[in-house]
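Peer 1: I'd like to ask some things about the structure below.
The values are calculated or read from the model by the stated rules, or taken from the named source; none is laboratory data. None of the values given here were measured: they were computed from a predicted structure. Virtual Cβ from ideal backbone geometry, glycine too; neighbours counted across all protein chains shown. Surface accessibility is based on the protein's heavy atoms, side chains included, excluding ligands, DNA and RNA. Shrake-Rupley method; radii C 1.70, N 1.55, O 1.52, S 1.80 Å.
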Amino acid sequence: MPTTKINSFCEALATAPLQEVEIAAAVAWYLAESTGETPNIEQIADVIEQQALRSRLNRSRLRERLKANRVVIISKDGTVRLKLAAKAEYLATYGHFLQRMMPEVADHVLEASDFMSLRSYVQKLVYQVNASYGAMLYDCCAVMMRRLTEVLIIDGYEEFGISKEITADGDYIPLSALIGKISSGAHFKLGRGQKAVLERVKSLGDTAAHGRNYITKRVDIDEVKSEYRRLIAELQALKAVVAI
């Protein structure tokens, strides 16, 4: 990230009446928004020390304070995310310090607000689905629809600690096999007809990515949009049907 940008941002934090944990939350927000990656506590602490926002920072204490903070969500891997209300507040206050602002995009295919509680990479995939449709880049849109579907299936298996069911030799199995797994009913129960929708989304994305002579058209996306929205909503809310 540009040094001048983060310097200016941290100067603003230094002059504000903020407690240590509030500074850490603000830094977590800035790192996530400016890099597209979810930072961990060590990265946040490094910025705080390097920018002289605090000296001799007690990282163990900072971790405990972040865990207790009402706007912070700390994952098992130590990454730090902020709740939606806090993100909006930091954006309103410090948004001008970001190195780039993403242009607003209408909810052409999916409603972005439905994904605000999910991981940032899921939100970014939803953004790309809508942005590519709005830009009339329908091949891109189809590919991103396929990718989001695959990501949500994998996330579902990981959430319930059964990712071994969808791996082979340490790698995730391809989408065709994922569709077979999730449609089998062994761990998750999908609604009637969802396997057909999964296969349709996969075919649309595959053609868009690899079809040599066919360019995806708007009508191709429009014909599957409503079914796709229902599918994605179901994948977001996967529930295990057997004891794991």
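Peer 1: Considering only DSSP states other than H, G, I, E and B, which chymotrypsin sites (Phe, Trp or Tyr not before Pro) in region 152-244 qualify as loop sites with at most 13 other Cβ atoms within 10 Å?
Peer 2: Numbers: sites: TYR157, PHE160, TYR172, PHE188, TYR214, TYR228; in loops: PHE160, TYR214.
Counting only loop positions with at most 13 other Cβ atoms within 10 Å, the chymotrypsin sites (Phe, Trp or Tyr not before Pro) in region 152-244 are TYR214.
Peer 1: Now for a separate question. With the Cα gyration tensor of region 168-224 giving a ≥ b ≥ c as the square roots of its eigenvalues, does the rule (a/c under 1.5 for rounded; else a/b larger than b/c for prolate; else oblate) give rounded, prolate or oblate? Could the numbers behind the result be given before it?
Peer 2: Values: a/c = 4.21, a/b = 1.46, b/c = 2.88.
Verdict is oblate for region 168-224.
Peer 1: So what does log10 I(q)/I(0) come out to for region 25-124 at q = 0.13, 0.14 Å⁻¹, using the Debye formula with one equal point on every Cα and no solvent?
Peer 2: -0.49, -0.56
Peer 1: Counting just the Cα atoms, what span does region 126-195 cover along each of its three principal axes? Round to the nearest Å and put the largest first.
Peer 2: Per principal axis, max minus min of the Cα coordinates gives 39, 31, 20 Å.
Peer 1: Let me ask another. Mean 1/r over all different Cα pairs, inverted: what Kirkwood radius does region 1-67 give, in Å? Could you put the intermediate results ahead of the total?
Peer 2: On the way: mean 1/r = 0.0838 Å⁻¹.
About 11.9 Å, per the Kirkwood formula over Cα pairs.
Peer 1: Right, another one. I need the peptides 36-49, 125-138, 142-155, 65-78 ranked by packing, meaning the mean over residues of other C-beta atoms within 10 angstrom, with the highest value on top. Please report the intermediate quantities before stating the final value.
Peer 2: Numbers: 36-49: 17.6, 125-138: 19.5, 142-155: 21.4, 65-78: 13.6.
Sorting 36-49, 125-138, 142-155, 65-78 by mean packing, highest first, produces 142-155, 125-138, 36-49, 65-78.
Peer 1: Multiply the residue separation of GLU22 and ARG147 by 0.36 nm, subtract the distance between their alpha-carbon atoms, and state the gained length in nm to one decimal. Write down the numbers at each step before the final one.
Peer 2: Details: separation 125, 0.36 × 125 = 45.00 nm, distance 3.53 nm.
Gain on stretching GLU22 to ARG147: 41.5 nm.
Peer 1: Over 18 Å between Cα atoms, which of LYS76/LYS189; LYS202/LYS225; LYS83/LYS124; LYS87/LYS225; LYS195/LYS217 qualify? All intermediate terms of the calculation are to be shown ahead of the outcome.
Peer 2: Values: LYS76/LYS189 27 Å; LYS202/LYS225 13 Å; LYS83/LYS124 16 Å; LYS87/LYS225 29 Å; LYS195/LYS217 23 Å.
Among LYS76/LYS189; LYS202/LYS225; LYS83/LYS124; LYS87/LYS225; LYS195/LYS217, the Cα-Cα distance tops 18 Å for LYS76/LYS189; LYS87/LYS225; LYS195/LYS217.
Peer 1: At 18 angstrom or more along the helix axis (alpha-carbon based) and mean Kyte-Doolittle of -0.5 or higher, what helices does the chain contain? Whole DSSP H runs only. Write down the numbers at each step before the final one.
Peer 2: On the way: long enough: 20-35 (22 Å, 0.72); 120-134 (21 Å, -0.14); 138-159 (31 Å, 0.25); 194-210 (24 Å, -0.38); 218-236 (25 Å, -0.72).
Once both thresholds are applied, what remains is 20-35, 120-134, 138-159, 194-210.
Peer 1: With a ≥ b ≥ c taken as the square roots of the eigenvalues of the C-alpha gyration tensor of region 112-244, please select rounded if a/c is under 1.5 and otherwise prolate if a/b is larger than b/c or oblate if it is not?
Peer 2: Cα axes put region 112-244 in the prolate bin.
Peer 1: Round to a whole number: what % of the accessible area of region 182-238 belongs to carbon and sulfur, probe 1.4 Å? Walk me through the numbers before you get to the answer.
Peer 2: Numbers: 1580 of 3350 Å².
Carbon with sulfur: 47 percent of the solvent-accessible area.
Peer 1: While we're here: With each pseudo-label sitting 7 Å past Cα toward Cβ, what's the GLU42-TYR172 distance in nm, one decimal?
Peer 2: Here the answer is 2.5 nm between the modelled labels.
Peer 1: Compactness ratio of the chain: Cα Rg over 2.2 N^0.38 Å, N = residue count?
Peer 2: Details: Rg = 20.7 Å, N = 244, 2.2 N^0.38 = 17.8 Å.
For the chain, the normalised Cα radius of gyration is 1.16.
Peer 1: Give me the one-decimal Kirkwood hydrodynamic radius in Å for region 64-185, with the sum taken over alpha-carbon pairs.
Peer 2: After inverting the pairwise mean of 1/r, the radius is 16.9 Å.
Peer 1: From the protein chains alone at 1.4 Å, what is the descending order of accessible area for HIS108, HIS96, HIS187, largest first?
Peer 2: Working: HIS108 65, HIS96 130, HIS187 35 Å².
Ranking HIS108, HIS96, HIS187 by accessible area, largest first, yields HIS96, HIS108, HIS187.
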